[in-house]
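*Asks:* One structure follows; several queries about it will come next.
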Amino acid sequence: MVEGEVKMYSCGPTVYGPIHIGNLRAALTADLFYRFFKRFGFKVTYVRNYTDIDDKIINKAKEAGISCDALTEKYIQVAEQDYALALMEEPTHKTKVTDHLPEIISMIEAIIKNGKGYVTKEGDVFFSIESFPAYGSLSGKSLDDLQAGARVEVNLDKRNPMDFALWKSAKPGEPAWDSPWGKGRPGWHIECSAMACKWLGPQMDLHHGGEDLVFPHHENEIAQSEAATGKGPYVNYWVHNAFLTFSSEKMSKSLGNVVNARDFLAQYGGELARMIFLGVHYRSVFDFSAETVDQAITSLERLYEAKKTAEAIRDKKILVPDMRAEQVWGGFLIDCDRARDAILDHYANDLNTAGALSEMFTLTREFNRALTHPNAANTPAAILAAGEFIRVLETEIGSVIGVGRMRAESMLEHLAKVRMLRSQNEGKQVLEADEIESLIRERKESRAAKNFKRSDEIRDHLLANGVEIKDSPEGTTWSRK
Ligand SMILES: [Zn+2]
């Protein structure tokens, strides 16, 4: 570790289709750490990879009748656009496996030379997990547990059923590269070890991936890298973001097709997408529901409503000093300092974004409360305070979480549009008052004509669109739910 520097690596997606929101949450987690270290003055080298060769890619390219390169190039472009839409910052190096065959081959050679890998007569190369006593330490699994749980695989060439492939000999019709063991392609895990070693050296400060990668991918990376370089630990801090779940039934109806990252980003925009995901701590399971989205919209609106007021005060020309109000703003400036410290403390506590945001909401409440004092908005101190509020939002929240940096008016317009589209997606119509009145008249006539089927239909239709009706001797009244 070098003081003041951070070397970090994040396992990126396998590019055989558009990325989904699970990939997006993972990439946002890595981006969050990257932004945080940069914000607090570290020199960061950040590597994010694309897996551009694997079975899924080969099958998909065959189906589509195109080359693997053409397929992966297309979806790398799509992912790049998605990352930009999600306001992610550019990594130092964006790498892909097929650009790193020489590094992969020389790492496998080193592993074999160190007695931790072996070549079969078919030309496959395996890592021998028995040669690496620390195997299982990241995931907390012992070799015995792993073997007991392993599926019995019929591969007589393997010395131990848990040994994993470093190099796979070529099969007909598949992309293959020359190697000392004949034509073939790399196993999945070796790519990250080799790319990390090339761009970061044998050891790094932080390695990120989704929690599904803990075993076997990251376990195997440790074994390969330490076996090849003889240096350990390979990684000082592992960062794994938790899963995404879709437990709420309501969500499927109201959010539509949100599994695809592009659809999701097109629907919500980058800032709101970040608010939705980063409003929840990265290590907590993220339950995707209509409520989570609603909450994020409301939260972002609250921040931007206050920002809009602050922007208006900052641009004011008429100033009337008022002792009492100036005192209140003096107190608010102290609150701003306290909020900065508290937000930083939350970040320092395993990037607790939910905690940092809740401090920002507290400060927003204090800002709104200060404004309730008579003349508060017209005092010279208000200009200073409004500027400071905007600075805390943009610098402390904006630079790390990535929300709060837009002009308030345009963001509020965007959020209003998102709300409207969401209510349409839910299948609800916003009925106009005269439309409602005319339906109520029709219902009255239907009832008078004893057509109760029609009158019930009208009542149900109104109810389905959020309009409740009440009958009384004076007539029928309605209200929106
Ligand atoms: Zn990886």
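*Asks:* Skipping prolines and chain starts, which residues have an amide H placed within reach, meaning under 5 Å, of the one on Val6, given they are 5 or more residues away or on another chain?
*Replies:* Correct list: Lys43, Val44, Thr45.
*Asks:* Over the alpha-carbon set of the stretch 1-104, work out the extent along each principal axis and list the three values in angstrom, largest first.
*Replies:* Principal extents (Cα only, largest first): 49, 33, 17 Å.
*Asks:* Pop a pseudo-label 7 angstrom from the Cα along the beta-carbon direction at both Ser410 and Val78 and give the gap in nm to one decimal.
*Replies:* Computed distance between label sites Ser410 and Val78 equals 2.8 nm.
*Asks:* Now a separate question. Quick one: net charge of Ala27's neighbours, Cβ under 14 Å, K/R +1, D/E -1?
*Replies:* Summing Lys/Arg as +1 and Asp/Glu as -1 gives +1.
*Asks:* Find the percent of Cα-Cα distances in the chain that exceed 30 Å, and round it to a whole number.
*Replies:* 59 percent
*Asks:* Want the number for Asp345 to Glu305: 0.36 nm per residue separation, take away the alpha-carbon distance, what's left?
*Replies:* 11.8 nm
*Asks:* Rounded to whole Hz and in sequence order, give me ³J(HN,Hα) for the stretch 36-42 from the Karplus expression 6.51 cos²θ - 1.76 cosθ + 1.60, θ = phi - 60°, writing x for Gly and Pro.
*Replies:* 4, 5, 5, 4, 9, x, 7
*Asks:* For the chain, with the dipole built from +1 on Lys and Arg beta-carbon atoms and -1 on Asp and Glu ones, taken about the Cα centre, which of Ser358, Asn236, Met8 lies farthest toward the positive end?
*Replies:* Ser358
*Asks:* Right, here's the next one. Of Ile458, Ser438, Ala448, whose Cα points farthest to the positive end of the dipole of the stretch 433-480 (charges on the beta-carbon: +1 Lys, Arg; -1 Asp, Glu; origin at the Cα centre)?
*Replies:* Ala448
*Asks:* Restricting the calculation to Cα positions, tell me the Rg (one decimal) and the Dmax (whole number) of the stretch 204-339 in Å.
*Replies:* When restricted to the Cα atoms of the stretch 204-339, Rg and Dmax are 23.0, 72 Å.
*Asks:* Send over a whole-number figure in Å² for the accessible area per residue of the chain, probe 1.4 Å.
*Replies:* It amounts to 48 Å² per residue over the chain.
*Asks:* Step through the table entries Lys43/Lys96; Lys121/Lys183; Lys96/Lys183, compare each Cα-Cα distance with 18 Å, and write down the pairs that go over it.
*Replies:* Lys43/Lys96; Lys96/Lys183
*Asks:* Quantify how much of the Cα-Cα distance distribution of the stretch 5-241 extends past 33 Å, in percent.
*Replies:* 16 percent
*Asks:* Compute the relative contact order of the stretch 433-480 as a whole-number percentage, counting only Cα pairs closer than 8 Å that sit 6 or more residues apart in sequence.
*Replies:* 24 percent
*Asks:* With N set to the number of residues, divide the alpha-carbon radius of gyration of the stretch 369-455 by 2.2 N^0.38 Å and report two decimals.
*Replies:* Here the Cα radius of gyration is 2.02 times the empirical estimate.
*Asks:* Same structure again: Please give the charge dipole size of the stretch 360-415, origin at the Cα centre, charges +1 on K and R Cβ atoms and -1 on D and E Cβ atoms. Round to the nearest 20 debye.
*Replies:* 80 debye
*Asks:* Counting alpha carbon pairs within less than 8 Å and at least 6 residues apart, what relative contact order, in whole percent, applies to the chain?
*Replies:* For the chain, the relative contact order is 14 percent.
*Asks:* Report the local net charge at Val214: Lys and Arg +1, Asp and Glu -1, summed over other residues whose C-beta lies under 15 Å from its C-beta.
*Replies:* -3
*Asks:* With the calculation restricted to Cα positions, what are the radius of gyration and Dmax of the stretch 433-480 in angstrom?
*Replies:* 10.0, 27
*Asks:* Another question, if that's okay. In the chain, if the dipole is taken from +1 on Lys/Arg beta carbons and -1 on Asp/Glu beta carbons about the Cα centre, which of Gly173, Leu24, Gly136 is farthest to the positive end?
*Replies:* My answer, from the dipole projection, is Leu24.
*Asks:* Taking the Cα of Glu90, stepping 7 Å toward and past its beta carbon, and measuring to each backbone N in the stretch 265-282: which are under 12 Å?
*Replies:* Counting only backbone N, you get no residues.
*Asks:* How far apart, in nanometres, would the label points at Lys183 and Ser472 be if each is projected 7 angstrom from Cα along the Cα-to-Cβ direction?
*Replies:* 8.6 nm
*Asks:* In sequence order, what are the phi-derived ³J(HN,Hα) couplings for the stretch 169-186 according to the Karplus relation 6.51 cos²θ - 1.76 cosθ + 1.60 with θ = phi - 60°, rounded to whole Hz, with x for glycine and proline?
*Replies:* 5, 5, 10, x, x, 9, x, 8, 10, 6, 8, x, 9, x, 5, x, 9, x
*Asks:* When only C-alpha pairs under 8 Å and at least 6 residues apart count, what is the relative contact order of the stretch 5-241, in percent?
*Replies:* Value for the stretch 5-241: 23 percent.
*Asks:* Any chance you could tell me what percent of the C-alpha pair distances in the stretch 43-174 go past 22 Å?
*Replies:* Cα-Cα pairs of the stretch 43-174 separated by over 22 Å account for 57 percent.
*Asks:* So, one more: Specify the angular offset, from 0 to 90 degrees and rounded to the nearest 10, of the alpha carbon long axis of helix 408-425 from the longest principal axis of the alpha carbons in the chain.
*Replies:* 90 degrees
*Asks:* Let me know the charge dipole size of the chain about its Cα centre in debye, to the nearest 20, where only the beta-carbon of Lys, Arg (+1) and Asp, Glu (-1) is charged.
*Replies:* It works out to roughly 660 debye.
*Asks:* If you project the alpha carbons of the stretch 290-417 onto their three principal axes, what span does each projection cover, largest first, in Å?
*Replies:* Its Cα atoms span 44, 35, 22 Å along the three principal axes.
*Asks:* Given the DSSP H assignment, sum -39500 (n - 2.57) over each helix run of at least 4 residues in the chain and divide by its residue total; what's the result at 222 nm in deg cm²/dmol, nearest 500?
*Replies:* So the helix-based figure for the chain works out to -16500 deg cm²/dmol.
The values are calculated or read from the model by the stated rules, or taken from the named source; none is laboratory data. Note that this is a predicted model, so its numbers are computed, not measured. Cβ atoms come from the backbone with ideal geometry, glycine included; neighbour counts cover every protein chain shown. These area figures cover heavy atoms from the full protein model, side chains too; ligands, DNA and RNA do not enter into them. Shrake-Rupley method; radii C 1.70, N 1.55, O 1.52, S 1.80 Å.
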